[in-house]
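See structure below.
The values are calculated or read from the model by the stated rules, or taken from the named source; none is laboratory data. The structure presented is a predicted model; accordingly, all values stated were derived computationally and were not measured. When we count neighbours, we look across all protein chains shown, and the Cβ atoms used for this are built from the backbone with ideal geometry, even at glycine. Quick note on the areas: whole protein, heavy atoms, side chains included, nothing else; ligands and nucleic acids left out. Shrake-Rupley method; radii C 1.70, N 1.55, O 1.52, S 1.80 Å.
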Amino acid sequence: MASFSLCFISFLCFLFGHGVLQLQASHHVYRAQLSNSLPHHYQQPYRTSYHFQPPKNWINDPNGPMIYKGIYHLFYQYNPKGAVWGNIVWAHSTSTDLINWEPHDHAIYPSQPSDINGCWSGSATILPGDKPAILYTGINPKNQQVQNLAVPKNLSDPYLREWVKSPKNPLMAPTPQNHINSSSFRDPTTAWLGPDGEWRVIIGSKINARGLAIMYQSKDFVKWDQVDHPLHYADGTGMWECPDFFPVAKTGRKGVDTSVSGGHVKHVLKVSLDDTKHDHYTVGNYDLEKDIYVPNKGSIEGYMGLRYDYGKYYASKTFYDGQKKRRVLWGWVNESSSVEDDIKKGWSGIQAIPRTIWLDASGKQLIQWPIEEIQKLRKDKVKLTNKVLKKGSLIEVKGVTAAQADVEVSFKVKNFKKAQILKPEWKDPQLLCSQKGATTKGGVGSFGLLVLASKDLKEYTSISFTIFKRQGKYIVLMCSDQSRSSLNPNNDKTTYGAFLNVDPVSEDLSLRSLIDHSVVESFGSKGKACITARVYPTLAIGDNVGLYVFNNGTESVTITKLGAWSLKKAQIN
Ligand code: DQQ
């Protein structure tokens, strides 16, 4: 029976094209997988030690992150019944440092007609008087997507353990008059106050291939009226899931609260593109008079536009942390293993390490950096300085627990003569990485880190830089190459890539990687581009893991500075 179920699931995966190479169909119910128990004998080499995950089962989008009375709250999409998507509720954990987490009972679960078929994604808004409120998508008996409100039962409980739903739910719903597509109407954002003192919220949607942010307005947070125009839309981008709309300061790294507007801020609109499962954003302005968002001139919207992360990272959401005056980004990282392997290990999905985000000095993109609290887990620093890496060098960084580590390295390049010419048709960095990235020998690079490497180098993941030249300028390509990450053939080993907006002549090229058993989060050039990868080594496990610095290029590069730390295990759930 069990093997029949597995075959059946493989067949479904094949049918829907969501097997090992794609994100699992987010709204497809795997009825065959209802088991709630983990096999005792199964080893768990891929569970993470400091990334957020519950003890078992499926998780996806982070929901309603906030800070309330000094306690951080994370809710997330969760299947209480298995390691595949389905039966979705809002699970809930709290923390005082965003690193160690304590679990609570599910906060929001199907209980009303307006959410009886699922409690999907949504966001928290802190209303005047320090009163949190959650708007979320419910799936009603007709399987229509509608928006609901829930508020804490007891505001004196800083853990906000119980939530009550508005008897007026749903507060926003598709009707024959408003022409909203009832299967494309979901994921309300944190609301903000407009200049007229009324609340605004956007909901992700589409009309044909036009992605759009439908806007609603309210005086009291209960009666919501649809605004006669969307906040923004873009043709050819498909369904917008989990939109996020927030201001960023024009200068400095401090975050600003969601309702702030004015000359000292720009606005960011992030959308999760259902068609490609990537989170894209633009920087622009919120035109208060017209009540619309206008991306900066020259912004690219959709698939070719800026991404938070050029690897696996989806359905992300920010919140303003008034305690530390920063804007913090959460994002879901799904598995790259097969559904069969997920069921075997009994869980699927983790949350990325929260990132502080701010506007780059250029004003053109965001910078992302792991929250400073992660450094509390660092121990036993290993250092290297001024080390020249000649052509073909491979140096092991010894003395760290390489399966659970934080590495920061800076490279200086002096001689660019051998940089390859970047052909005009080489526009897609991911393609370029898979063709000319990490494993290419010659030119300036690739150089970088080999992580989660087995001692015999039969398995490794490489994160690297290669420098190209075009019209007198140098272009830096950052790659995360998973092609040799595991001897298991059933994983998605796609190579990821991003161009880095830096001048390697005037500055060192820096790379930071957070390594945690089955996840590698890499930050190029102090957070200008991020790439997250999931990998499942079969040999590079536990103590049998190595960390290396390498240079595959013909030109020497110098490690100006390297710091590597073993990371302690966090207390998570
Ligand atoms: N996940 C939720 C939806 C959202 C999607 C359902 C994005 O609300 O659109 O679990 O991953």
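Taking amide hydrogens as placed 1.01 Å from N in the peptide plane, the amide H of Arg210 sits under 5 Å from those of Gly236, Gly238, each at least 5 positions away in sequence or on another chain. Projecting the Cα atoms of Val476, Val519, Trp332 onto the dipole axis of the chain, where Lys and Arg carry +1 and Asp and Glu carry -1 at the beta carbon, places Val476 farthest toward the positive end.
Suppose R0 equals 22 Å. What FRET efficiency, 1/(1 + (r/R0)^6) with r the Cβ-Cβ distance, do Ser483 and Lys458 give to the nearest 0.05?
Working: r = 13 Å, r/R0 = 0.57.
Taking R0 as 22 Å, the efficiency between Ser483 and Lys458 is 0.95.
Magnitude of the charge dipole for the range 380-567, about its Cα centre and with charges confined to Cβ atoms of Lys, Arg (+1) and Asp, Glu (-1), is about 820 debye.
Can you work out D for the range 345-431 in µm² s⁻¹ from Stokes-Einstein, where Rh is the Kirkwood radius over C-alpha pairs, the temperature is 10 °C and the viscosity is 1.306 mPa s? Before the final figure, lay out the partial values.
On the way: Rh = 18.1 Å.
Estimated via Stokes-Einstein, D reaches 88 µm²/s.
Hydrodynamic analysis of the range 158-268 uses the Kirkwood radius over alpha carbon pairs. Inserted into Stokes-Einstein at 4 °C and 1.567 mPa s, it gives a translational diffusion coefficient of 83 µm²/s.
Counting 0.36 nm for each residue step from His229 to Asp503 and taking away their Cα separation leaves a gain of 94.5 nm. With a cut-off of 11 Å between beta carbons, the residues surrounding Ala498 carry a summed charge of 0, where Lys and Arg count +1 and Asp and Glu -1. With everything on Cα atoms, drop me the angle between helix 2-16 and the longest principal axis of the chain, reported from 0 to 90° to the nearest 10. Relative to the chain, helix 2-16 is tipped by roughly 90 degrees. Backbone geometry of the range 383-396 corresponds, through the Karplus equation with coefficients 6.51, -1.76 and 1.60 at θ = phi - 60°, to 3J(HN,Hα) couplings of 10, 8, 9, 6, 10, 7, 9, 7, 3, x, 5, 9, 10, 7 Hz, x marking Gly and Pro. Our coupling estimate for the range 339-344, obtained by passing each phi through the Karplus curve with A = 6.51, B = -1.76, C = 1.60 and θ = phi - 60°, is 4, 4, 5, 4, 5, 4 Hz, Gly and Pro reported as x.
Split the accessible area of the range 2-370 by element, probe 1.4 Å, and carbon with sulfur accounts for 55%. Each of Val382 and Lys473 was given a label point 7 Å from its Cα along the Cα-to-Cβ line. The distance between the two points is 3.8 nm. In the context of the full set of protein chains, the range 380-567 has a per residue accessible area of 39 Å² (1.4 Å probe).
Paramagnetic label reach from Arg161 (point 7 Å along Cα→Cβ; backbone nitrogen cut-off under 17 Å): within the range 89-117, residues 91-96, 101-109. Projecting the Cα atoms of Phe550, Val505, Ala529 onto the dipole axis of the range 491-573, where Lys and Arg carry +1 and Asp and Glu carry -1 at the beta carbon, places Ala529 farthest toward the positive end. Dipole of the chain computed with +1 at Lys/Arg Cβ and -1 at Asp/Glu Cβ about the Cα centre; of Val164, Ser93, Pro429, farthest Cα towards the positive end is Pro429. For the chain, the alpha-carbon coordinates run over 68, 61, 45 Å along the three principal axes, in decreasing order. The amide H of His278, built 1.01 Å from its N in the peptide plane, has Leu273 as neighbours under 5 Å, considering only residues 5 or more places off or on other chains.
Computed from point charges on the beta carbon alone (+1 for Lys and Arg, -1 for Asp and Glu), the dipole magnitude for the range 96-188 about its Cα centre is near 440 Debye.
Compute, for the range 2-370, the length of the dipole vector about the Cα centre, with Cβ point charges of +1 (Lys, Arg) and -1 (Asp, Glu) only. Units Debye, rounded to 20. Please list the in-between numbers first.
Working: 36 positive and 32 negative charges, 90 e Å.
Charge dipole, the range 2-370, about its Cα centre: 440 debye, nearest 20.
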